[in-house]
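This report refers to the structure that appears directly beneath it.
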Amino acid sequence: MTDALKRLSDEGVAIWLDDLSRKRITSGNLAELIDQQHVVGVTTNPSIFQKAISQGDGYESQVTDLAARKLTVEEALRMITTADVRDAADILRPVFDATQGQDGRVSIEVDPRLAHDTVPTIAEAKQLAWLVDRPNTLIKIPATLAGLPAITEVIGRGISVNVTLIFSLDRYRGVMDAYLTGLEKAKAAGLDLSEIHSVASFFVSRVDTEVDKRLEKIGTDEAKALKGKAAVANARLAYEAYEEVFGSDRWAALEKAGANKQRPLWASTGVKDPAYPDTLYVTELVAPNTVNTMPEATLDATADHGQITGDTVRSRYAEAQGELDALAAVGVSYDDVVQVLEDEGVQKFEQAWNELLDSTKAELERLAQSTEA
């Protein structure tokens, strides 16, 4: 079951699980995936926590205690989510140690309601790093315009970051610049650059979902022939940008001082359209020094029938650019697509967080009444 996953790992792709719940931790399932399925990291987001906590398995005891202490819902929610991240980080600690801090990482996101506010994002990132208190944590900061200076400031303080919700190539370049600027600040402050890590989460499947909808509306044979091509093309060109930036003189000076490259991470890799192969965003995005964070269904599909045939990115840059050019030629605006996706991404995470606050509040109130009774 793990041959394809081993081949993927051997090609330089770190396999992370895009899911976390208390049941996954306490049942031994996460440890099993690390042991048997080459999983070397975990990512979370507001939607993942909303699903895990709303299903409630394993949370009642802690929520009962939080209700007795009369914590606010925001405080309670952070106690719940950071407990899961802390426990997952402990399970992954041997991987962290074995890879000198590159993998064995668990990500936790700043409050998505802060996505367009720089200063509160910085404060939240510092607070989360303190609350989790594990060296193998990554604080997720969205790649909004307000997020870029926050990334620089947080990296400059020596806190490792997972930059999330990247859709556009221009914004990705901004993210890499923010990271390098942060490293330069950290270096000036005398921090050990070798202990600072980062990944840049470039979202994949949502690009096809949005572009395909527009191609279907255009309706010509020429347009329909381009369906299912945008997401992989966009990600391949992101890797080209990564190679350029991390091949620069600016990077060379930081690397000499001990800095780590900010790895591209392929996120949103579960295939949304059943017409496409369920391993599409894994097998077509194999490149060295990348991360692919997968929902468990995608992980299982790759283990079962994924065809890993070596690097499928670096020889395909011209082809990828041609596909984006063809989209523009039939009337799909790249700039509009990526802006819509960023706006929707922030909105979806904010909605999931608000739903989670509401359900947690209801549970706190219910359990507070039962403890008083």
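The values are calculated or read from the model by the stated rules, or taken from the named source; none is laboratory data. Owing to the predicted nature of the structure, the values given are computational and were not obtained by experimental measurement. Every residue, glycine as well, gets a Cβ built from its backbone with ideal geometry; the counts of neighbours run over all protein chains shown. The accessibility values were calculated without ligands, DNA or RNA, using every heavy atom of the protein model including side chains. Shrake-Rupley method; radii C 1.70, N 1.55, O 1.52, S 1.80 Å.
Where residues in the range 234-269 are in a helix (DSSP H, G or I) and of a type in the set (D, E, K, R), which of them is surrounded by the fewest Cβ atoms within 10 Å (Cβ to Cβ)? I'd like the intermediate steps shown before the answer.
Of all residues in the range 234-269, those in a helix (DSSP H, G or I) come to 234-245, 249-256.
Next, from what is left, pick out any that are of a type in the set (D, E, K, R): 236, 240, 243-244, 249-250, 255-256.
Details: 236: 23, 240: 17, 243: 17, 244: 12, 249: 6, 250: 14, 255: 14, 256: 9.
Once the filter is applied, the top-ranked residue is 249.
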Do the conditions hold for residue 362, that is, is it touching a Ser or Thr at 6+ places or on another chain (Cβ under 9 Å), part of a helix (DSSP H, G or I) and open to solvent by less than 60 Å² (accessible area, probe 1.4 Å)? no
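Does at least one position in the range 220-231 carry a residue that is under 15 Å from residue 176 (Cβ atoms) and in contact (Cβ under 8 Å) with a residue 24 or more places away in the chain? Lay out the reasoning, then the answer.
Here is the first cut: in the range 220-231, the ones under 15 Å from residue 176 (Cβ atoms) are none.
Within the range 220-231 (the criterion being under 15 Å from residue 176 (Cβ atoms) and in contact (Cβ under 8 Å) with a residue 24 or more places away in the chain), the answer is no, since none of the residues qualifies.
Residue-by-condition table, conditions (1) under 19 Å from residue 241 (Cβ atoms); (2) outside any helix (DSSP H, G or I); (3) β-branched (Val, Ile, Thr):
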position	(1), (2), (3)
271	no, yes, yes
277	no, yes, no
285	yes, yes, no
288	yes, yes, no
291	yes, yes, yes
301	no, no, no
307	no, yes, no
310	no, yes, no
323	yes, no, no
Inspect all residues belonging to the range 156-171 and state whether any of them is in contact with a Lys or Arg (Cβ under 9 Å, 6 or more places away or on another chain), part of a helix (DSSP H, G or I) and either open to solvent by 30 Å² or more (accessible area, probe 1.4 Å) or touching a residue at least 60 places away in the same chain (Cβ under 8 Å) (or both). no
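Could you identify the single residue in 164, 121 that is β-branched (Val, Ile, Thr) and over 22 Å from residue 40 (Cβ atoms)?
Values: 164 fails: over 22 Å from residue 40 (Cβ atoms).
Result of the check over 164, 121: 121.
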Taking first residues from the range 256-269 that are in contact (Cβ under 8 Å) with a residue 12 or more places away in the chain and second residues anywhere that are of a type in the set (A, V, I, L, M, F, W, C) and part of a loop (DSSP other than H, G, I, E, B), the pairs with Cβ under 6 Å that are 6 or more apart or on different chains are 261/246; 266/204; 266/285; 268/204; 269/204
Which listed residue, of 181, 118, 152, 99, is open to solvent by 30 Å² or more (accessible area, probe 1.4 Å), under 30 Å from residue 324 (Cβ atoms), of a type outside the set (Lys, Arg) and over 17 Å from the mean Cα position of the chain (by Cα): 181
Quick check: anything in the range 85-96 under 27 Å from residue 350 (Cα atoms) and aromatic (Phe, Trp, Tyr)? no
Tally the residues that are surrounded by 15 or more Cβ atoms within 10 Å (Cβ to Cβ) and free of Cβ contacts under 8 Å to residues at least 60 places away in the same chain, restricting the search to the range 2-22. 1
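So which of 70, 51 ends up being of a type in the set (Lys, Arg) and part of a helix (DSSP H, G or I)? Walk me through it before giving the result.
On the way: 70 fails: part of a helix (DSSP H, G or I).
Residue meeting the stated conditions: 51.
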Quick check on the range 188-204. Is at least one of its residues surrounded by fewer than 20 Cβ atoms within 10 Å (Cβ to Cβ) and either among the basic types (Lys, Arg) or closer than 22 Å to residue 345 by Cα (or both)? no
Please specify each residue of the range 207-226 satisfying the condition of being surrounded by fewer than 17 Cβ atoms within 10 Å (Cβ to Cβ) and within 16 Å of residue 320 (Cα to Cα). 225
Kindly indicate whether residue 88 is touching a residue at least 40 places away in the same chain (Cβ under 8 Å), within 25 Å of residue 197 (Cβ to Cβ), of a type in the set (A, V, I, L, M) and out of contact with any Asp or Glu (no Cβ under 9 Å at 6 or more places or on another chain). yes
